[in-house]
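K.L.:
Okay, handing you the structure first.
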Amino acid sequence: AGDLLVVIEEEEDANIKREGDNLHQELYISFAEAALGCSKEIPTVNGKVKIKIDAGTQSGKILRLAGKGLPSLDSYHKGDMFVHVNVWTPQKLTEEQRKFFESQLNSGEMKAEPTGKEKSFFDRVRDMFN
């Protein structure tokens, strides 16, 4: 009787990055989906999962899917999947879209005014060191 050696090669995925047992994935949504909210299906290790994007979701929000990462080698524990939400801003607008956004801009109702609950990227980094 001898030893059995098993070699596992990990293939890199363009959309999912590994960090230990945790996985990170970028999710791009439209401005309308971010403003109104939506549902999206994302791939995980065990198949697709439907996630809910709340209305008013900001670019940079990170959603944590507990236990949807990779299994740990030494236990029954599974890592988490972190979904990094990015709001896609259109680069080319139709005339109708342009008029809509101009009317919203001129009305003053679509101002970038955080309510105080949201923190900027730099505020979050600063909080990590305090």
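K.L.:
Kindly indicate whether S59 is under 21 Å from A112 (Cβ atoms), small (G, A, S) and not in a strand (DSSP E or B).
P.N.:
Answer is yes for this residue.
K.L.:
Pick out the one residue from K68, K61, K78, K52 that is surrounded by 15 or more Cβ atoms within 10 Å (Cβ to Cβ), under 26 Å from M110 (Cβ atoms) and of a type in the set (K, R).
P.N.:
Only one candidate passes the filter, namely K61.
K.L.:
Among the listed residues R64, R98, identify the single one that is in a helix (DSSP H, G or I) and at pLDDT 85 or above. Before the answer, list the steps.
P.N.:
Details: R64 fails: in a helix (DSSP H, G or I).
Testing whether each residue is in a helix (DSSP H, G or I) and at pLDDT 85 or above leaves just R98.
K.L.:
Sticking with this structure for a sec: K92: within 11 Å of D21 (Cα to Cα), modelled with pLDDT under 95 and either among the basic types (K, R) or out of contact with any Asp or Glu (no Cβ under 7 Å at 6 or more places or on another chain) (or both), yes or no? Working first, answer last.
P.N.:
On the way: within 11 Å of D21 (Cα to Cα): no; modelled with pLDDT under 95: yes; either among the basic types (K, R) or out of contact with any Asp or Glu (no Cβ under 7 Å at 6 or more places or on another chain) (or both): yes.
So K92 fails the test.
K.L.:
Being part of a loop (DSSP other than H, G, I, E, B) and either charged (D, E, K, R) or modelled with pLDDT of 85 or more (or both) is the requirement here; does P114 meet it? Talk me through it step by step, then tell me what you get.
P.N.:
Working: part of a loop (DSSP other than H, G, I, E, B): yes; either charged (D, E, K, R) or modelled with pLDDT of 85 or more (or both): no.
Taking the combined requirement at face value, the residue does not satisfy it.
K.L.:
Determine which member of the set L105, L93, L23 is touching a strand residue (DSSP E or B) at 6+ places or on another chain (Cβ under 9 Å), among the aliphatic types (A, V, I, L, M) and surrounded by 10 or more Cβ atoms within 10 Å (Cβ to Cβ). Please lay out each step first, then the result.
P.N.:
Details: L105 fails: touching a strand residue (DSSP E or B) at 6+ places or on another chain (Cβ under 9 Å); L93 fails: touching a strand residue (DSSP E or B) at 6+ places or on another chain (Cβ under 9 Å).
Going through L105, L93, L23 in turn, just one is touching a strand residue (DSSP E or B) at 6+ places or on another chain (Cβ under 9 Å), among the aliphatic types (A, V, I, L, M) and surrounded by 10 or more Cβ atoms within 10 Å (Cβ to Cβ): L23.
Rundown of residues vs (1) over 19 Å from N86 (Cα atoms); (2) assigned to a strand (DSSP E or B); (3) among the small types (G, A, S), yes/no style:
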{"site": "V6", "(1), (2), (3)": "yes, no, no"}
{"site": "E9", "(1), (2), (3)": "yes, no, no"}
{"site": "E12", "(1), (2), (3)": "yes, no, no"}
{"site": "H24", "(1), (2), (3)": "no, yes, no"}
{"site": "A34", "(1), (2), (3)": "no, no, yes"}
{"site": "P43", "(1), (2), (3)": "no, yes, no"}
{"site": "K50", "(1), (2), (3)": "no, yes, no"}
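K.L.:
Something else: When only residues in the stretch 24-51 that are among the β-branched types (V, I, T) and touching a Pro at 6+ places or on another chain (Cβ under 9 Å) count, which is farthest from E12 (Cα to Cα)? Lay out the reasoning, then the answer.
P.N.:
Here is the first cut: in the stretch 24-51, the residues among the β-branched types (V, I, T) are 29, 42, 44-45, 49, 51.
Still in the running and touching a Pro at 6+ places or on another chain (Cβ under 9 Å): 45, 49.
Details: V45: 13, V49: 21 Å.
Here the answer is V49.
K.L.:
Determine which single condition A1 fails, assuming it passes every other condition in (1) of a type in the set (A, V, I, L, M); (2) more than 23 Å from M110 (Cα to Cα); (3) surrounded by 12 or more Cβ atoms within 10 Å (Cβ to Cβ); (4) out of contact with any Ser or Thr (no Cβ under 7 Å at 6 or more places or on another chain).
P.N.:
Going through (1) of a type in the set (A, V, I, L, M); (2) more than 23 Å from M110 (Cα to Cα); (3) surrounded by 12 or more Cβ atoms within 10 Å (Cβ to Cβ); (4) out of contact with any Ser or Thr (no Cβ under 7 Å at 6 or more places or on another chain) one by one, A1 breaks only (3).
K.L.:
Hey, any hits in the stretch 4-15 for a residue that's free of Cβ contacts under 8 Å to residues at least 40 places away in the same chain, farther than 27 Å from A112 by Cβ, in contact with a strand residue (DSSP E or B) (Cβ under 8 Å, 6 or more places away or on another chain) and exposed (fewer than 15 other Cβ atoms within 10 Å of the Cβ)? Steps first, please.
P.N.:
In the first step, residues of the stretch 4-15 are kept if they are free of Cβ contacts under 8 Å to residues at least 40 places away in the same chain; the result is 4-15.
Restricting the remaining residues to those that are farther than 27 Å from A112 by Cβ gives 4-15.
Still in the list and also in contact with a strand residue (DSSP E or B) (Cβ under 8 Å, 6 or more places away or on another chain): 10, 15.
Now restrict to residues that are exposed (fewer than 15 other Cβ atoms within 10 Å of the Cβ): 10, 15.
Yes, the conditions are met somewhere in the stretch 4-15.
K.L.:
What about G69, is it touching a residue at least 24 places away in the same chain (Cβ under 8 Å) and not in a strand (DSSP E or B)?
P.N.:
Values: touching a residue at least 24 places away in the same chain (Cβ under 8 Å): yes; not in a strand (DSSP E or B): yes.
So G69 passes the test.
The values are calculated or read from the model by the stated rules, or taken from the named source; none is laboratory data. All values derive from a computational prediction rather than experimental measurement. Cβ: placed from backbone, ideal geometry, glycine included. Neighbour counts: every protein chain shown.
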